[in-house]
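Colleague: Take a look at this one; I'll ask things after.
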Amino acid sequence: MTGRTRHHTARYRLTGLVAAVTALAVAAGCGTAGDPTAEAAGAGGTLTVGLAKETECRDPQQDNYGYGGTIGRQIVDSLTERNGVDLARIEPWLATSWEISPDASTYTFKLRDDVTFSDGSVFDASVVKANFEALAGIRAATGAAFVQGIRAISTPEKFTVRIEFDKPNAAFLQATSSWQLGILAPASVAKTPEQRCSEGVIGSGPYLVKEAVYNEQTTLARRADYAWPSKARKRTGAAAFDKVVFRIVPEAGVRTGAISSGQLDLAQSISWQDGPVLEKAGQQLLKAVNRVPAVSLEVNTSRPILNEEAVRVALTHAIDRRKLVETAHNGFTFPATGSLTAANPFHLPQPEALKYDPERSRTLLDQAGWQVGADGIRTRNGKRLTITASFVGNPDNQTFLEVIQQQVREVGIDFALRPLSTGEFDTALVAGDYDVHRWSGALVDGDVLRILFSTKTLNKSRLAPGNDLDALLQRQVAIGDPAERRTVLDEIQRVLVERAYQIPVFDMVNLWGAGRKLTGVEFDDSSLILYDAQFTS
């Protein structure tokens, strides 16, 4: 990592105390945000951003929980970027052009020849090759699923890289726009996965890490020599701000207050209750609409109770999604209407399969032999109908799951809650130690469903190999014709929702607070893009 990084293993064991002290310092005015009047519009200055927390891995290729989409997106570039208006349109970035074989099994990228990493090393085809080969070997990495099935990577010229898959992969071009396939410098690729997580990585982005103290503050410095933004960006050359300071401010109310007082210029995860307050105060409320899979309960079908389709479907129809988003999210999110969010270009509306119908739930459970007990919870052969939801413990997850807990009890389901730390949650997912768990996804292309549910990738539903869904998931990625592929993706979504392998709950909208004079903040799905951001006079 360029610059000075203070990091010790002990810092990973810090509780919320240090972060709370940091937040109080912000609220008390011990730090100062960028002053728009101190600089000419769009030139120099410091942007101060409040984050709710920092995840335990500082490598965008590996991270599951937000670093890649916030701090990481500012320091790593990708081969391509999605167009902000037409999500199916892919724009050049580190790659200037590409060719795809008719069966979508071979991708050839022509690369820029003027790119450097923040440590001075040079970007070329050999760096892309090393990145993807190393990533494919990190099984738990988020980005690893995008590069599975690569048969060979060759570099016929210094700035040409050819990637050959053992089967057609129609979604790979979309994947190259993600931060999970952000390109790292050779020095970072050479490190172990654990070192990359703990020490951070070096990228070619418009900012570099100057100083980082885990779960307290990360300071980014502008690269004056940056000159290779994607074609999706408005700006050219170096970014506007001299520095971007990310502060960890755990309390949502403190983040909101810091926006109103000018201590922060931008703040993540404004609470559902504080959104209207911020707007009434004349500040900006920015909404990042997710375009990936809906926030869902992913169902472990290998569990004895959840192996029954009747139980899974009964759980689906016992959830009143409209009331849930009003109660838990103040109406800012949207009730799920399908496997993928309504904003996703591959979305299939499935209103009947997700209809709130508690009477149908009761009928299904009655027919399956689950009888209502004295306390209202159903039993069968002496066993209670208990389904445990595992999730990363935070107030937002706790709140919406408590609403589900109350709703499904009405039909006789005991919905237990199991909050975990991020490390415990990861361990549980890999081991299949869950009944249902809260999840979404990270790819706009419909192939995200293969990544989530194929037995050859994450297999969220713990389906047995050889199931009929697997065949569909593998088939769609091998189809080059968009219309034919869409037909198969529609069928996949029907299977997932109608059989309740996936129980969609709501379409996520991430709320960010911003000061009045901050412009140019953009989002690619939930990913924060600060390259075009600046203060107006």
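The values are calculated or read from the model by the stated rules, or taken from the named source; none is laboratory data. A quick note: this is a predicted structure, and the numbers were derived from the prediction, not measured. Don't worry about glycine lacking a Cβ; one is built from the backbone with ideal geometry, like all the others, and counts go over all protein chains shown.
Colleague: Which ranges mark the helices (runs of 4 or more DSSP H) fully within the stretch 232-338 that have 3 or more residues being under 24 Å from GLN405 (Cβ atoms) and charged (D, E, K, R)? Even if it seems obvious, please write down each step before you answer.
Modeller: On the way: elements: 252-261, 274-280, 309-317, 321-329.
Answer list for the stretch 232-338: 321-329.
Colleague: Further question on the same structure: Read through the list (1) under 19 Å from ILE150 (Cα atoms); (2) at pLDDT 90 or above; (3) not small (Gly, Ala, Ser), then give the number of the only condition that VAL477 fails.
Modeller: Just one mismatch for VAL477, condition (2).
Colleague: Tell me, which helices (runs of 4 or more DSSP H) lie completely within the stretch 433-537 with 3 or more residues that are out of contact with any His (no Cβ under 6 Å at 6 or more places or on another chain) and either free of Cβ contacts under 8 Å to residues at least 60 places away in the same chain or of a type in the set (Gly, Ala, Ser) (or both)?
Modeller: 468-477, 482-498
Colleague: Could you list, in sequence order, all residues of the stretch 155-176 that are farther than 18 Å from LEU94 by Cβ and not hydrophobic (A, V, I, L, M, F, W, C)? First the steps, then the outcome.
Modeller: First pass over the stretch 155-176, keeping only residues farther than 18 Å from LEU94 by Cβ: 164-171.
Those that are farther than 18 Å from LEU94 by Cβ and not hydrophobic (A, V, I, L, M, F, W, C): GLU164, ASP166, LYS167, PRO168, ASN169.
Colleague: Out of all the residues in the stretch 387-417, which are of a type outside the set (S, T, N, Q), assigned to a helix (DSSP H, G or I), in contact with a strand residue (DSSP E or B) (Cβ under 9 Å, 6 or more places away or on another chain) and within 17 Å of PHE506 (Cα to Cα)?
Modeller: Within the stretch 387-417, the subset of a type outside the set (S, T, N, Q) is 387, 389, 391-393, 395-396, 400-404, 408-417.
Those left that are additionally assigned to a helix (DSSP H, G or I): 395-396, 400-404, 408-409.
In the following step, the residues that additionally are in contact with a strand residue (DSSP E or B) (Cβ under 9 Å, 6 or more places away or on another chain) were identified as 400-402, 404, 408-409.
If the condition is that a residue be of a type outside the set (S, T, N, Q), assigned to a helix (DSSP H, G or I), in contact with a strand residue (DSSP E or B) (Cβ under 9 Å, 6 or more places away or on another chain) and within 17 Å of PHE506 (Cα to Cα), then PHE400, LEU401, GLU402, ILE404, VAL408 are the ones that fit.
Colleague: Considering each of ALA471, ALA428, ALA416 in turn, give the residue that is surrounded by fewer than 20 Cβ atoms within 10 Å (Cβ to Cβ), under 27 Å from GLN61 (Cα atoms) and either under 23 Å from the mean Cα position of the chain (by Cα) or of a type in the set (Gly, Ala, Ser) (or both). Steps first, answer last, please.
Modeller: On the way: ALA471 fails: under 27 Å from GLN61 (Cα atoms); ALA416 fails: under 27 Å from GLN61 (Cα atoms).
Being surrounded by fewer than 20 Cβ atoms within 10 Å (Cβ to Cβ), under 27 Å from GLN61 (Cα atoms) and either under 23 Å from the mean Cα position of the chain (by Cα) or of a type in the set (Gly, Ala, Ser) (or both) holds for just one of ALA471, ALA428, ALA416, which is ALA428.
Colleague: Considering only residues that are closer than 22 Å to THR519 by Cβ and of a type in the set (A, V, I, L, M, F, W, C), which ones fall in the stretch 47-74? First the steps, then the outcome.
Modeller: Going residue by residue through the stretch 47-74, those that are closer than 22 Å to THR519 by Cβ are 47-51, 69-71, 73-74.
Within the stretch 47-74, LEU47, VAL49, LEU51, ILE71 qualify.
Colleague: I need every pair where a residue in the stretch 315-326 that is free of Cβ contacts under 8 Å to residues at least 60 places away in the same chain has its Cβ under 8 Å from the Cβ of a residue that is of a type outside the set (A, V, I, L, M, F, W, C) and part of a helix (DSSP H, G or I), sequence separation at least 6 or different chains.
Modeller: Short answer, once both residue conditions are applied: HIS317/PRO358; HIS317/ARG360; HIS317/SER361.
Colleague: Kindly establish whether SER302 is surrounded by fewer than 19 Cβ atoms within 10 Å (Cβ to Cβ) and in contact (Cβ under 8 Å) with a residue 40 or more places away in the chain. Don't jump to the end; show me each part of the working.
Modeller: On the way: surrounded by fewer than 19 Cβ atoms within 10 Å (Cβ to Cβ): yes; in contact (Cβ under 8 Å) with a residue 40 or more places away in the chain: yes.
It is true that SER302 is surrounded by fewer than 19 Cβ atoms within 10 Å (Cβ to Cβ) and in contact (Cβ under 8 Å) with a residue 40 or more places away in the chain.
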